[in-house]
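Asks: Before I ask anything, here is the structure I am working with.
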Amino acid sequence: MTAILENLSRRRFLVGGAAVAGGLVIGLRLLPHESASSAPAAPAMDVPRFNPTAFVSIDDTGLVTIVAHRSEMGQGVRTALPMAVADELEADWSRVRVVQAVGDEATYGGQNTDGSRSLRHFLSPMREMGAAARQMLEAAAAHRWDVDVSQVRARNHQVVHTPTGRTLGYGELTAAARALSVPRPEALRLKRPEDFRYIGKDMPIVDLAEMTSGRAGYGIDVRRPGMKYAVIARPPVYGGRVTSYDETPALAVPGVERVVKLDGTPPPSGFQPLGGVAVIARNTWAAIQGRNKLKITWDDGPNRSYDSTAYKAQLEETARRPGRVLRNQGDAPATLASAGRVVTADYYVPHLAHAPMEPPAALASVADGRCEAWACTQNPQGARDEIAKALGIPTDRVTVNVTLLGGGFGRKSKPDYVVEAALLSRAVGAPVKVTWTREDEIHHDYYHTVNAQHLEAALDSRGRAIAWLHRSVFPAIPSTFQPNVTYASNGELSQGVLDVPYDIPNIRCENGEAEPHVRIGWFRSVLNIPHAFAVCSFADELAHAAGRDPKDYLLELLGPPRHVDAGPHYENYGDDRKVYPIDTGRLRRVVEVVAEKAQWGRHLPAGHGLGIAVHRSFVSYVAIVVEAAVGKDGTVSVPRVDIAVDCGFAAYPDRVRSQMEGAAVMALSSVLYGEVTFRDGRAQQNNFNDFQVARMNVAPSDTRVYIVGSPEPPGGVGEPGVPPFAPALCNAIFAATGKRIRRLPVADQLRS
């Protein structure tokens, strides 16, 4: 098995395949999901809408080349989707190579690798592509032998004539197969799940050897002849601009060649650069030193007074007032007003920076009215569009090559850094690589939004919840792209507010206004993070108020297995509600599984506690039990984490487990330390010394993942493990100490 990070355009792939004697190239329109299939499949709204195309080729040696059209950042997509093609193709995995696609919507459809959509939306179409190629090879063999096609079967890289045992290798059949028509959707014969060779099996990712040996190439590693290196001094306040600057001290630094002013984009800036002053040099270190010497006067603009402490108070005040009603079931206000017992709580989650291990980096070369870029991007098509807009050239004159990503988490789907490289290349007339430092990444991120929430619940005489009020207030992601946005989008509120699954007769969900002061962007699991923290923590509070065991009370809240009607404003991650309903039976099942596996209620030492939480996001279901240990000095450690995940059909179990394990570490970082604060409009954190992430000695000691088998279509995997971790940990801290955590991060709240 080989993985090649060479980026192939559709034209080069077709030309290259056709140039091989006898080469078979399949350029297959991804088929409608109504085609017959005995394996799990689901209609994906973005696939037919964007009409994606994928490619597989076989040369006359039998080497199968499969194009990966999504970005690889450790989640295994460069293995999982080609694996689906290879399985249906009956290819020998050791004779398959994977190549990376360039950004090209007309050819590949949606390539923005976010939203935990890759397997969810493309598993079935990629299987269909492999099945079509297999059937063409079988038809070519039947013609060669002059037998009916029903007598031949593809098996492990060759076609077998079943009555006689005769065989022909794939390489021997490519010339004949290439002349055949691609089968129609209704003629495809997809494998039964019990016949899968790769799908649903544990296999190493194709990039594993390169990643573990240091040979893998990331965006920050790209080199091109004659390239220059750049770092940029960007406005320290969102919406600020350069008033004046003195470049003389910077030009005196050895290796610095030029200083270039970049015009910024006033808010809402979208994916366009913030502007500033760039230092161009012969290496990155010289560019950094030159930037340090720049003397710049800034006009800080309208966000100069942004103070996150004052803003927190403002959000919390708004959350305590009635807001815009988006789900109204029964009469929650009247029930709360007349109830004998009401539980109230307020929760707060601060801004977070993405902080991928590899900060944003991109190289671009602009010449002769064209641009070619290389970048660690989740969104090559977005980068292509934004470059074309910034340079004023057609998109077909822009090529975006995708490297491996050293972490993404949503940050690298925003291609402002790629546009910066293109603008600077045009300015200096040479290839330019822009590298963001860690400080740049934390100071100028598309931050995860700050959030304040107010919850109220009425309990009856037996402690059952009979009314539920949830208000959530936060600056919304659309404010980065559109002016005058002060309310959240339905999609954001569909991530843990509108979709509350509890069996409560009176439910009211509201949203208050909040003005943005920084760039807001999606972050791994997006608004599910604060909403799950509040909802799952509040469920634990209700259990204790009712004098009940938290696990038993949680199951009572979920009620009997049913599909939840979340109301007309609910958006289901872009997927069909009938295919992916909110299923409380699946929520109950993961709670029951994780409680059993974690030995819920087991005896623990003093200072230890167990916490439980469950949440549905990206149409998957995850329940977590965390064991927390709190020392006398308030230090928190996590001896054990148990995670049960129902992601529907688990096409790649190894990556399901690894994503859950990684989610636990990332969520632990955010819960313990994650916070970006602002004063005078400026981010106060700089690097990993004051924006900490969980080191090895803090990571959970023992993480156990249980994949709950399901006949349902594939759900998301990359993000759903994050949201329930924070409330499970905070509930465990309460069980250990009696101290309720309602704001994040927690580290300083427990220290004496």
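Asks: Scan the range 333-348 and report the pairs whose first residue is over 30 Å from S670 (Cα atoms) and whose second residue is of a type in the set (K, R), with Cβ atoms within less than 8 Å and a gap of 6+ or a chain change.
Replies: P333/R508
Asks: Something else: Considering only residues that are in contact with a Pro (Cβ under 9 Å, 6 or more places away or on another chain) and either buried (at least 16 other Cβ atoms within 10 Å of the Cβ) or in contact (Cβ under 8 Å) with a residue 24 or more places away in the chain (or both), look in the range 131-170 and name the one that is farthest from D87 (Cα to Cα). Break it down into steps so the answer makes sense when it comes.
Replies: Keep residues of the range 131-170 that are in contact with a Pro (Cβ under 9 Å, 6 or more places away or on another chain), which gives 131-132, 135-136, 139, 147, 151.
From what is left, the residues that are either buried (at least 16 other Cβ atoms within 10 Å of the Cβ) or in contact (Cβ under 8 Å) with a residue 24 or more places away in the chain (or both) are 131-132, 135-136, 139, 147.
On the way: A131: 9, A132: 12, Q135: 13, M136: 15, A139: 18, V147: 25 Å.
The residue in question is V147.
Asks: Checking P560 against (1) over 27 Å from the mean Cα position of the chain (by Cα); (2) without any contact (Cβ under 8 Å) to a residue 40 or more places away in the chain, which single condition isn't satisfied?
Replies: So the condition that P560 fails would be (2).
Asks: Further, regarding this structure: Please state which one of V722, V665 is free of Cβ contacts under 8 Å to residues at least 60 places away in the same chain and among the β-branched types (V, I, T).
Replies: Working: V722 fails: free of Cβ contacts under 8 Å to residues at least 60 places away in the same chain.
Within the list V722, V665, the selection yields V665.
Asks: Six or more apart or on different chains, Cβ under 7 Å: which pairs go from a residue in the range 206-230 that's in contact (Cβ under 8 Å) with a residue 60 or more places away in the chain to one that's in a loop (DSSP other than H, G, I, E, B) and hydroxyl-bearing (S, T, Y)? Could you list them?
Replies: G217/T403; Y218/T403; G219/T403; V222/T403
Asks: Next question. Within the set of pairs 6 or more residues apart or between chains, which connect a residue that is in the same structural domain as E492 (by TED's automatic domain parsing) inside the range 312-328 to a residue that is hydrophobic (A, V, I, L, M, F, W, C) and assigned to a helix (DSSP H, G or I) with Cβ atoms less than 8 Å apart?
Replies: Matching pairs, first to second residue: L326/L493.
Asks: So, in the range 171-196, how many residues would count as being surrounded by fewer than 18 Cβ atoms within 10 Å (Cβ to Cβ) and charged (D, E, K, R)?
Replies: Count: 6.
Asks: So, one more: So which residues in the range 483-518 are assigned to a loop (DSSP other than H, G, I, E, B), in contact with a helix residue (DSSP H, G or I) (Cβ under 7 Å, 6 or more places away or on another chain), surrounded by fewer than 22 Cβ atoms within 10 Å (Cβ to Cβ) and not β-branched (V, I, T), if there are any at all?
Replies: Matches in the range 483-518: S489, Y502, D503, E513.
Asks: Can you confirm whether D633 is part of a loop (DSSP other than H, G, I, E, B) and among the acidic types (D, E)? Break it down into steps so the answer makes sense when it comes.
Replies: On the way: part of a loop (DSSP other than H, G, I, E, B): yes; among the acidic types (D, E): yes.
Yes.
Asks: Let me ask something additional. Tell me, which helices (runs of 4 or more DSSP H) wholly within the range 202-317 include 3 or more residues that are surrounded by 21 or more Cβ atoms within 10 Å (Cβ to Cβ)? Reasoning before the result, please.
Replies: Values: elements: 208-213, 248-251, 284-293.
Result: 284-293.
Asks: With the structure loaded, tell me whether A334 is in contact with a helix residue (DSSP H, G or I) (Cβ under 6 Å, 6 or more places away or on another chain) and either surrounded by 15 or more Cβ atoms within 10 Å (Cβ to Cβ) or not basic (K, R) (or both) or whether it fails that test. Write out each step before concluding.
Replies: Numbers: in contact with a helix residue (DSSP H, G or I) (Cβ under 6 Å, 6 or more places away or on another chain): no; either surrounded by 15 or more Cβ atoms within 10 Å (Cβ to Cβ) or not basic (K, R) (or both): yes.
For A334, the condition - in contact with a helix residue (DSSP H, G or I) (Cβ under 6 Å, 6 or more places away or on another chain) and either surrounded by 15 or more Cβ atoms within 10 Å (Cβ to Cβ) or not basic (K, R) (or both) - is not met.
Asks: Please tell me if K578 is over 27 Å from F409 (Cβ atoms), over 20 Å from the mean Cα position of the chain (by Cα) and at pLDDT below 95.
Replies: Numbers: over 27 Å from F409 (Cβ atoms): yes; over 20 Å from the mean Cα position of the chain (by Cα): yes; at pLDDT below 95: no.
So K578 fails the test.
Asks: OK, next. Considering each residue of the range 370-386, count those that are closer than 14 Å to K433 by Cα and small (G, A, S), and give that number.
Replies: 2
Asks: Further, regarding this structure: Grab the helices (runs of 4 or more DSSP H) fully contained in the range 69-176, keeping just those with 1 or more residues being under 23 Å from F409 (Cβ atoms) and in contact with a Gly (Cβ under 6 Å, 6 or more places away or on another chain).
Replies: Details: elements: 77-89, 105-108, 118-145.
Where helices (runs of 4 or more DSSP H) fall fully within the range 69-176 and carry at least 1 residues being under 23 Å from F409 (Cβ atoms) and in contact with a Gly (Cβ under 6 Å, 6 or more places away or on another chain), they are 118-145.
The values are calculated or read from the model by the stated rules, or taken from the named source; none is laboratory data. Every value quoted in this text rests on a predicted model; they were computed, and no experiment measured them. Using ideal geometry, Cβ is built from the backbone for each residue, glycine included, and neighbour counts are taken over all protein chains shown.
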